[in-house]
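Beneath this line is the structure, given in C-alpha cells, with notes to follow.
The values are calculated or read from the model by the stated rules, or taken from the named source; none is laboratory data. Computed from a prediction, not measured in an experiment: that's the story for all the values here. Cβ placement follows ideal geometry from the backbone for every residue including glycine, while neighbour counts extend to all protein chains displayed. These area figures cover heavy atoms from the full protein model, side chains too; ligands, DNA and RNA do not enter into them. Shrake-Rupley method; radii C 1.70, N 1.55, O 1.52, S 1.80 Å.
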Amino acid sequence: MRKIPTKKGLSTLQRIEKIELTTNFPIGPVNSYVVFGEKLTLIDAGLKNKQGWDDLNNGLHRLGVEITDLEQIVLTHHHNDHTGLVDWILEKNPTIKIFAHKDTEMILKDESYIEWSAEFFHNLFIEFGLTEDMAIKSAFRKGHRDYFQTASVDEVLEEGDMVPGLPSFQVIETLGHSQDHISFYSADEQLFICGDHIIKGVHGGMWMDAPKPGNTRAKPLIQYLKNLEKCRKLSANFTFSGHGPIISDLDEAIDGHISNIEHRVSRVINTLKKANGAATGFEIIQDMYRGRYEKAVITFLFEIISVLDLLEERNIVISEKQNGVFKYRLVNN
Ligand SMILES: [Zn+2]
C-alpha cells in the first residue's frame, strides 16, 4: 500500500482539507472534506454528476491520495449533494466503510418508507392549500431517488458517539435541515464539521422528511433553532460547512442564521396582516414569492410550513382546519 501523506508542521492533530464539488444548485458547489485522521476519511460525497466526480478525483490527487486510498466515508445527512457520489466511490473502492445517522439509509432506500413518504407529502401539501394536481406532482418529486442505491450504511452514528477513525470527534445530532443531520465536534482540537447546519451567510433551508409511519412529523425550524443554540456552546476555531467558506467566527454565523429566520418570520406575519389576518400556507407563498414560487414550490412550502410551526409555538398564530386545509390566523389582529 502507498504511503499516505500525513499532517506536517500543523498544530492540529488531524489535518482537514476541503474539496469543492460542482453542483447545478443555486447554492453553488458542495464541500467534501478529506480528514487525515487515524483513518483516511471523506466527509460527504457530492452530487452525482461527471463534473463533481472529476472535481473529487482531481482534489484528492492534489492532496496526494486517490479514491482507492480512502478508508471511510462519513455522511452529515442524506441530501443528494452530500451522498450523490457514494455509489461511484464504492465501485472503485468496494471495501470502504460508510458511517451515517441511523435514519439515513431508511430515508434513501427503504421502499415502504419512500412509498409512505409520497403519501405523507401529498396529504401535507393538500393541508397547506395546494391543488390536488400540484400536490401529487410535488409529492412524487420528493420521492425520486437515483443515487445511493448500491451503497449501504455500515455503521450508524448517534448523539455522543465518538467517530471511528477520527480520534476526538464526537457526534452532535443537528436535526432541522434534514431529519438525519449530524455534525462532528472535536473539543480537543476546537474543530467543528457541521454539514449544512451552519453555512456562512447563506440559508441552507428547511427540508422536511416524512416521519416514520404512524409518527407525527417533526417541526424542523423549531428543532433547527434549538440545535443552533446547542452549537453556540461549542468553542471552535474552525467550522467546516457543507457549502461556502470555512467559518472562523461560529457565533457570528449562528447570529446571521437567527436574524435571517426572524426576518422571514416577520415577513410571514406581514403577509398574514395583508390577508386580513388569515391565510393558508399556499396563499402565503403565492403572495411572498409572487412570480417565482412555481419553479420551487416544495422549497418555499417547506420554508413557510416551518415558519408557521414556529408562529404557532410562539402563540402568534392559531391554525384551524377547514375542508381539509389549514387556515392560519393571527391571534392579535
Ligand atoms: Zn447541501
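For the stretch 65-87, a residue qualifies if it is open to solvent by 30 Å² or more (accessible area, probe 1.4 Å) and away from the ligand (no atom under 11 Å from the Cβ), and the qualifying residues are Glu66, Thr68, Glu71. Restricting the search to the stretch 266-285, which residues are closer than 26 Å to Phe25 by Cβ and surrounded by 18 or more Cβ atoms within 10 Å (Cβ to Cβ)? The answer is Val268, Gly281, Phe282, Ile284, Ile285.
Looking only at the stretch 91-102, decide whether some residue is polar (S, T, N, Q), in contact (Cβ under 8 Å) with a residue 12 or more places away in the chain and in contact with a Phe, Trp or Tyr (Cβ under 6 Å, 6 or more places away or on another chain). Within the stretch 91-102, none of the residues are polar (S, T, N, Q), in contact (Cβ under 8 Å) with a residue 12 or more places away in the chain and in contact with a Phe, Trp or Tyr (Cβ under 6 Å, 6 or more places away or on another chain).
Residues are listed down the side, and each one gets a yes or a no for (1) within 22 Å of Lys219 (Cβ to Cβ); (2) open to solvent by 30 Å² or more (accessible area, probe 1.4 Å); (3) out of contact with any helix residue (DSSP H, G or I) (no Cβ under 6 Å at 6 or more places or on another chain):
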position	(1), (2), (3)
Tyr147	no, no, no
Thr150	no, yes, no
Asp161	no, yes, yes
Pro167	no, yes, yes
Ile172	yes, no, yes
His177	yes, no, yes
His181	yes, no, yes
Tyr185	no, no, yes
Asp188	no, yes, yes
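The rows are residues; the columns are (1) hydrophobic (A, V, I, L, M, F, W, C); (2) over 18 Å from the mean Cα position of the chain (by Cα); (3) farther than 17 Å from Leu301 by Cβ.
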residue: Thr216; (1), (2), (3): no, yes, yes
residue: Lys226; (1), (2), (3): no, no, yes
residue: Ala236; (1), (2), (3): yes, yes, yes
residue: Ser266; (1), (2), (3): no, yes, yes
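Contact map, the stretch 22-33: residues that are open to solvent by 60 Å² or more (accessible area, probe 1.4 Å) paired with residues that are near the ligand (Cβ under 10 Å from one of its atoms) and of a type in the set (Asp, Glu), Cβ distance under 7 Å, separation 6+ or inter-chain. Pairs shown: Phe25/Asp81. Just one residue in the set Ala236, Ala218, Ala151 is part of a loop (DSSP other than H, G, I, E, B), touching a residue at least 40 places away in the same chain (Cβ under 8 Å), of a type in the set (A, V, I, L, M) and more than 28 Å from Ile261 (Cα to Cα); that residue is Ala151. Given the conditions (1) more than 30 Å from Ile19 (Cα to Cα); (2) open to solvent by less than 40 Å² (accessible area, probe 1.4 Å); (3) free of Cβ contacts under 8 Å to residues at least 40 places away in the same chain, which single one is not true for Val307? Status for Val307: all satisfied but (3). Just one of the numbered conditions (1) open to solvent by 10 Å² or more (accessible area, probe 1.4 Å); (2) over 21 Å from Phe192 (Cβ atoms); (3) not acidic (Asp, Glu) is not true of Gly52: (1). Go through the stretch 173-223 and give me each residue that's at positive phi, at pLDDT 95 or above and within 12 Å of the ligand (Cβ to nearest atom). The answer is Gly195, and nothing else. Assessment of the stretch 239-246 against the conditions (away from the ligand (no atom under 15 Å from the Cβ), modelled with pLDDT of 95 or more, over 22 Å from Glu303 (Cα atoms) and of a type in the set (A, V, I, L, M)) yields at least one matching residue. For the stretch 310-333, filtered to residues that are open to solvent by 70 Å² or more (accessible area, probe 1.4 Å) and part of a loop (DSSP other than H, G, I, E, B), the residue that is nearest to Pro220 (Cα to Cα) is Arg314.
Condition check ((1) touching a Pro at 6+ places or on another chain (Cβ under 6 Å); (2) farther than 28 Å from Val331 by Cβ; (3) open to solvent by 40 Å² or more (accessible area, probe 1.4 Å)) across all residues:
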site: Gly201; (1), (2), (3): no, yes, yes
site: Gly205; (1), (2), (3): no, no, no
site: Gln223; (1), (2), (3): no, no, no
site: Asn227; (1), (2), (3): no, no, no
site: Phe240; (1), (2), (3): no, yes, no
site: Gly244; (1), (2), (3): no, yes, no
site: Ala296; (1), (2), (3): no, yes, no
